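*Asks:* Can you keep this structure in mind? I'll have questions shortly.
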Amino acid sequence: MMTSDWQEKCARRKQAQLESIPKEWIIQCPPDDQLCVTNVPTQCGLLSPRELEITNTVDVEALLRKLQTAEWSSFEVTTAFYKRAIVAQQLTNCLTEIFVEKALARSKELDEILKTTGKTAGPLHGLPISLKDQFAIKGLETIMGYVAWIGRYAECDSVLVEILNECGAVPFVRTNVPQTLMWGETHNHVFGRTVNPFNRYMTPGGSTGGEGALLAMRGSPLGVGTDIGGSLRIPSAFCGLYTLRPSYERLPYCGAVNALEGQESISSVLGPMANSMSGVKIFTRAIIDSRPWNKDPLVIRKEWSEKEYRLEFHGGGKQLCFGIMRDNGVVKPHPPLHRAMVMFKDALEAAGHKVIDWEPHRHLEIYKNSETIFAADGGDDYRIQCGLSGEPLIQTMSPKEDAHESALDEPLVKTLVGKPHHRSAYELWQLHKEKRELRKSHLDHWEATVKRTGTGRPIDAIISPAVAYPAVPHGLNTDSFYTTLCNAMDYSTSVFPVTFVDSSLDKPHPPHEFYNHEDEAIHQLYDSKLFDGCPVGLQLIGRTQEEEAVIAMTEIVDEALKIYKAKTGRR
């Protein structure tokens, strides 16, 4: 059988990617049956002790301090992270664009600026930053998982890249995404499948899964992804990372390519991913301080607020009250998520804060409304882009040769939304009207918690799973029920790591009265030995346009958890 044109294009593009890797950076990879590969960068011999010290510095504030004082040059920092990123690529297939010479030339320019002027080029001086394969960089392709987009070279930088350059950063790699972007996993015909470095049998999530895998391997100090239904938070939870899903139009999206272009009821947003909260805060503040509304007309004209960061609208942060959503009434979380929520409650109460139960409010209605809006074009967006090259639309993320027995024949979303068909403009307007009503109803439900907090305020934030499970086998991430709530209600939301699956502690729960067939399938999926060692994260849900407060509250939570773990010996 002759290879079709689209397959030939994919093969040529993948070969070109391989040829862009310096030959001296190719390592002897471990066998495929070695599932956890997070320690390979320290053992493979490619990185020097100094380069390992640099790339193991997860505190972005500390990294920037060394760059700003020239203790470490941008050239050596960029080289170190590039080498580790290439190791990550060989183990997890996390990258798309590799442009070593361009990035190293940029780093040398920044070193020269600091040497000759004595001043840094900006708040992110010399820092390598990885980008999801949506953010256009002049002269490079932005393929975004579609074969038809091979050969499309950007004529200018996206606004985010423009601002990053003005801030002194070094964009140095771009990372893999799923075809269409609208999957919670990462696989496409051009670059293939990205795997989770904690367990390569598992997915890193999506659609920002390439960033998740890269950062988990510490192949980047700071990455940027996007989120329309959980695409920042799902990979961060699966890969043990911190992230921020900001509200609509707080950060500049202009010039980035996207799925469902033109759909504006539930906007995709960009946000940082990192191995520390310092990276999340530094990125967010640097971008806002650049006054992005002067470059992107949709960005809200709101400067960074120290008052909000100091939590002056939350009692100064002295005694916060969190509402914990143990279960959203749609799917019950796996045992490790329950244990993580218990750890959170114990840690925050030990730190003097309050934790009460959050009662889910119209959760399934919100999810159905959101997914129906996304499907209003009847699938034209995907079919048109695939049709340009003749590549087939990917129908499942399961490897055909290794389909898991718990795979759902029909996820709940298909039951709720029905068969794809075009909605009329009037029908779409009614969905928008319903969404506004749901937002008002959810706001009132939140405000009513003032009667139960004992602080004189409603709860300060909601704590919940980001996903009902840790990282799952490829093809089985069907759950965005916990994340889509925040996109629809436009709540500023973070994700933070809590623990790891421990098969000795996280025993399977007995069957419960299932909410629906997907809840049953998710329950049956859990296997403590299969999931052992995978990261477990939670999300902190704040109010709309409350990025500063969400960052501050997440810092408080993170510190409380660290103190709790040190005292109890739990990990």
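*Asks:* I need the full set of residues from region 254-271 which are part of a loop (DSSP other than H, G, I, E, B) and open to solvent by 10 Å² or more (accessible area, probe 1.4 Å), in order please. It would help to see each step written out before you state the result.
*Replies:* At the first step, the residues of region 254-271 found to be part of a loop (DSSP other than H, G, I, E, B) are 254-255, 257-268.
Selection gives 254, 255, 257, 258, 260, 261, 262, 263, 264, 265, 267, 268.
*Asks:* Just to be sure, is residue 251 of a type outside the set (Gly, Ala, Ser) and crowded, with 24+ Cβ neighbours inside 10 Å?
*Replies:* Details: of a type outside the set (Gly, Ala, Ser): yes; crowded, with 24+ Cβ neighbours inside 10 Å: yes.
Criteria met by residue 251.
*Asks:* Can you tell me which residue among 303, 249 is of a type in the set (Asp, Glu), under 20 Å from the mean Cα position of the chain (by Cα) and not in a helix (DSSP H, G or I)?
*Replies:* The conditions single out 249.
*Asks:* If you don't mind, another one. Filter region 436-491 down to the residues that are assigned to a helix (DSSP H, G or I), among the hydroxyl-bearing types (Ser, Thr, Tyr) and over 16 Å from the mean Cα position of the chain (by Cα), then identify the one that is farthest from residue 226 (Cα to Cα). Don't jump to the end; show me each part of the working.
*Replies:* Going residue by residue through region 436-491, those that are assigned to a helix (DSSP H, G or I) are 436-447, 450-453, 481-489.
The next check asks that each one be among the hydroxyl-bearing types (Ser, Thr, Tyr); those that pass are 441, 453, 482-484.
In the following step, the residues that additionally are over 16 Å from the mean Cα position of the chain (by Cα) were identified as 441, 453.
Numbers: 441: 27, 453: 33 Å.
The qualifying residue farthest from residue 226 (Cα to Cα) is 453.
*Asks:* Applying the selection to region 88-119, what residues are farther than 15 Å from residue 130 by Cα and either at pLDDT below 95 or touching a helix residue (DSSP H, G or I) at 6+ places or on another chain (Cβ under 7 Å) (or both)?
*Replies:* Once the filter is applied, which keeps residues that are farther than 15 Å from residue 130 by Cα and either at pLDDT below 95 or touching a helix residue (DSSP H, G or I) at 6+ places or on another chain (Cβ under 7 Å) (or both), region 88-119 yields 91, 92, 108, 110, 111.
*Asks:* While we're on this one: Kindly list the number of the only condition in (1) hydroxyl-bearing (Ser, Thr, Tyr); (2) open to solvent by 10 Å² or more (accessible area, probe 1.4 Å); (3) touching a Gly at 6+ places or on another chain (Cβ under 6 Å) that fails for residue 503.
*Replies:* In the conditions (1) hydroxyl-bearing (Ser, Thr, Tyr); (2) open to solvent by 10 Å² or more (accessible area, probe 1.4 Å); (3) touching a Gly at 6+ places or on another chain (Cβ under 6 Å), residue 503 misses (3) alone.
*Asks:* Examine region 310-329 for a residue that is open to solvent by 10 Å² or more (accessible area, probe 1.4 Å), among the polar types (S, T, N, Q), in contact with a helix residue (DSSP H, G or I) (Cβ under 7 Å, 6 or more places away or on another chain) and modelled with pLDDT of 95 or more, and state whether such a residue exists.
*Replies:* no
*Asks:* Just for region 67-101: of the residues that are without any contact (Cβ under 8 Å) to a residue 40 or more places away in the chain and under 26 Å from the mean Cα position of the chain (by Cα), which one is most open to solvent (accessible area, probe 1.4 Å)?
*Replies:* Once the filter is applied, the top-ranked residue is 79.
*Asks:* Is it fair to say residue 196 is closer than 20 Å to residue 253 by Cα and touching a Cys at 6+ places or on another chain (Cβ under 7 Å)? Walk me through how you get there before you give the answer.
*Replies:* Details: closer than 20 Å to residue 253 by Cα: no; touching a Cys at 6+ places or on another chain (Cβ under 7 Å): yes.
It is false that residue 196 is closer than 20 Å to residue 253 by Cα and touching a Cys at 6+ places or on another chain (Cβ under 7 Å).
*Asks:* Now for a different question. Name the single residue, out of those in region 20-66 being of a type in the set (D, E, K, R) and in contact (Cβ under 8 Å) with a residue 12 or more places away in the chain, that is least open to solvent (accessible area, probe 1.4 Å).
*Replies:* Residues of region 20-66 of a type in the set (D, E, K, R): 23-24, 32-33, 50-51, 53, 59, 61, 65-66.
This time we only want the ones that are in contact (Cβ under 8 Å) with a residue 12 or more places away in the chain, so: 32, 50-51, 59, 61.
Values: 32: 134, 50: 104, 51: 28, 59: 61, 61: 100 Å².
Out of the qualifying residues, it is 51.
*Asks:* I'm trying to understand the selection: among the residues of region 492-521, which are under 23 Å from the mean Cα position of the chain (by Cα), more than 16 Å from residue 543 (Cα to Cα) and part of a loop (DSSP other than H, G, I, E, B)?
*Replies:* Correct list: 501 only.
*Asks:* Checking the structure you have, find out if any residue of region 179-193 is over 10 Å from the mean Cα position of the chain (by Cα), among the hydrophobic types (A, V, I, L, M, F, W, C) and farther than 20 Å from residue 413 by Cβ.
*Replies:* yes
The values are calculated or read from the model by the stated rules, or taken from the named source; none is laboratory data. Since this is a predicted model, take the numbers as computed values, not measurements. Cβ sites come from the backbone with ideal geometry, for glycine too, and all protein chains shown count toward neighbours. Accessible surface areas use protein heavy atoms only, side chains included; no ligands, DNA or RNA. Shrake-Rupley method; radii C 1.70, N 1.55, O 1.52, S 1.80 Å.
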